[in-house]
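Here, each number is a calculation from the coordinates, and none is a lab measurement. What you see is a predicted model, and the numbers here were worked out from it, not measured in a lab. Please note: Cβ atoms are built from the backbone with ideal geometry, for glycine as well, and neighbour counts cover all protein chains shown.
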Amino acid sequence: MSQPIRFYHRNAIREVSDASTTRTVLQYLREDARCTGTKEGCAEGDCGACTVVIGEPDAAGGVAFKAVNACIQFLPTLDGRALFTVEDLRQPDGSLHPVQQALVDCHGSQCGFCTPGFVMSMWALYEKHGHATTPAAHCAHKSVPSREEISNALTGNLCRCTGYRPIVDAAEQMFDAPAPLAPLDVAALARTLAGITRDDTFHYEHAGRRFDAPRTVEVLARLKAERPATRILAGSTDVGLWVTKQMRDLGDIVYVGQIEELQRCETTRDWIEIGAGVTVERAYAELAKQYPELTEMWQRFASLPIRNAGTLGGNIANGSPIGDSMPGLIALGARVVLHGADGEREMPLEDLYLAYQKKDMAEHEFVTGLKVPTRSGAREKLQFRTYKLSKRFDSDISAVCAAFAFIADGETIREPRIAFGGMAATPRRAAKAEAVLDGAPWHEATAQAAMLALGNDYAPLTDMRASSTYRLDTAKSLLYRFWLETRAHDPLPKHALDVRAIQLVEVQ
Ligand SMILES: Cc1cc2nc3c(=O)[nH]c(=O)nc-3n(C[C@H](O)[C@H](O)[C@H](O)COP(=O)(O)OP(=O)(O)OC[C@H]3O[C@@H](n4cnc5c(N)ncnc54)[C@H](O)[C@@H]3O)c2cc1C
Ligand code: FES
Ligand code: FES
């Protein structure tokens with residue numbers, strides 16, 4: 001029997017039974033709850049006008065707050081969670097929250113259309129840095145974010161009026177302001193959410209469509225075996241757009257965001273294991289501990305609200321030829337773990353991709369996780385880089401995405417692995433260039449021979465993001481850059497090439 005969607009919003013538990021399974025949180029807010037503070041700009045996760053904050057129980061018994069884009073999140077995914085919007089920030093006496101006051105004081109708002117979205121991204125940062133339950137306890141924040149962290153938190157919010165400096169100033173200033181009159185009582189919220197957390201699968205139906213949110217992999221496997229065509233939904237940052245932009249009917253949905261086993265991140269001696277439901281933000285944080293070379297890719301993957309919702313499993317399962325995670329993971333030798341009616345199986349990640357939008361994954365199968373080798377043993381000598389070329393530095397899809405890795409055995413190249421996105425119909429290794437590198441000395445002539453071989457590995461397309469010639473030429477240039485950055489003698493310092501500065505010069 002269908003259960004109502006139960007969530008915390010505006011100081012009360014709400015129950016919704018009459019919304020379609022793909023009604024967005026934004027539609028609910030503006031059209032049903034009449035909370036019109038949250039705006040719609042693009043309806044595709046790009047502009048941030050619709051940013052809201054979701055609170056969900058965390059492993060420590062508290063609440064984790066995440067800024068996400070309400071325009072591409074479906075309402076039933078709120079079940080068991082808390083929803084906060086700009087309407088929640090007004091204080092009991094009608095005064096502004098310190099986040100809002102700082103924006104006023106720093107002249108961070110003009111037409112105001114983007115402002116509620118900025119306010120919510122800033123509020124999520126404010127809560128992250130200082131959870132206090134009383135004004136007295138609020139006098140000291142746990143920590144104050146750097147300007148870089150602030151910029152990172154605001155990558156998903158676009159403003160056409162003010163420019164970003166006053167907004168970033170406001171985000172710094174909000175931490176100096178006196179505490180809000182009524183700080184959020186996180187402990188009380190955690191108790192409230194515990195009261196609406198389900199032990200078993202959440203099952204919701206509307207207009208002949210089912211939405212199931214199982215709590216175990218076993219139940220997910222059973223549901224997929226019974227109804228293989230059921231669409232798996234994770235962070236909704238790809239699937240959401242199929243509804244808001246392509247008006248597709250998704251049919252029945254099974255949501256994996258409530259399955260604890262899929263949220264696991266664990267590092268053993270040999271593997272970093274990441275569950276398919278782990279968000280892109282958390283997955284990269286985990287991977288960057290051993291592979292700091294992934295940090296730039298992490299920061300340039302979409303925006304924080306997209307990374308807060310989107311999962312690594314979704315990126316891999318979608319397997320877009322221009323997805324950002326696959327080249328780096330393939331170069332690192334990652335393996336993908338699938339689960340289906342016949343149990344579990346795993347394979348090298350590159351083997352998952354057979355042709356454009358065609359994967360070695362049966363309809364009843366799903367991704368449970370990813371295994372990335374640790375940087376141990378011979379891999380301590382791994383040379384590894386990833387590069388992303390896109391028209392905008394932040395929040396843009398790649399034209400070309402490259403990853404290079406090899407084990408440096410003195411000057412000799414061992415186990416070279418090169419993978420590209422944007423160069424073929426799938427994320428793909430460069431077998432011919434790898435063959436040139438294997439066992440050769442890491443000299444400039446070797447790098448140049450491998451660059452030439454890339455021309456035999458790939459015949460990229462021309463599309464709106466880049467021409468075929470641009471793609472092939474820049475792929476070669478990126479391989480040369482890898483050589484410059486990792487050559488044994490006189491290597492370039494890691495940050496010698498300031499890509500942001502180069503792109504700015506190109507734009508001028
Ligand atoms: C504004 C914006 C910017 C973006 N920028 C980038 C970017 O810079 N780089 C980039 O690579 N991507 C980008 N994306 C795409 C998207 O964010 C990623 O592909 C993301 O990782 C998808 O994960 P998800 O959890 O949201 O997947 P969903 O949208 O929930 O699902 C995506 C697909 O994977 C399937 N799926 C999900 N989980 C599983 C599973 N466990 N097993 C089997 N199938 C599964 C779904 O059925 C669906 O087919 C962007 C998207 C938006 C909206
Ligand atoms: S309306 Fe633009 S991100 Fe949601
Ligand atoms: S204040 Fe007008 S878009 Fe930001």
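General observations
- Against the main long axis of the alpha-carbon atoms of the chain, helix 217-226 sits at an angle near 80°.
- Amide H within-cut-off set for GLY41, under 5 Å, with H built and near neighbours excluded: ALA49, CYS50
- Evaluated with a Cβ-only charge set (Lys, Arg +1; Asp, Glu -1), segment 96-180 carries a dipole of roughly 140 debye about its Cα centre, given to the nearest 20.
- Only the Cβ atoms of Lys and Arg (+1) and of Asp and Glu (-1) were treated as charged; on that basis the dipole of segment 264-507 about its Cα centre amounts to roughly 340 debye.
- Gyration tensor over the Cα atoms of the chain: the corresponding equivalent ellipsoid has semi-axes (square roots of 5 times the eigenvalues, largest first) of 39, 28, 21 Å.
- The chain: angle of helix 115-129 to the longest principal axis, Cα-based, in degrees nearest 10: 80 degrees
- Charge dipole (the chain, unit charges on Cβ, about Cα centre) - positive-most of VAL186, ASN308, LEU262: ASN308
- Residue (of GLY156, GLN173, GLN100) at the positive-pole extreme of segment 96-180, dipole from beta-carbon charges: GLY156
- Between helix 186-196 and the chain there is an angle of about 90 degrees, using the helix long axis and the longest principal axis of the Cα atoms.
- Signed unit charges on C-beta, dipole axis of the chain, positive-most listed residue GLY369, ALA334, ALA419: ALA419
- Take every Cα pair under 8 Å whose residues are at least 6 apart in sequence, average their separation, divide by the length of the chain, and the relative contact order is 11 percent.
- What you get for the chain, charging only the Cβ of Lys and Arg (+1) and of Asp and Glu (-1), is a dipole of about 500 debye around the Cα centre.
- Amide H within-cut-off set for LYS359, under 5 Å, with H built and near neighbours excluded: LEU354
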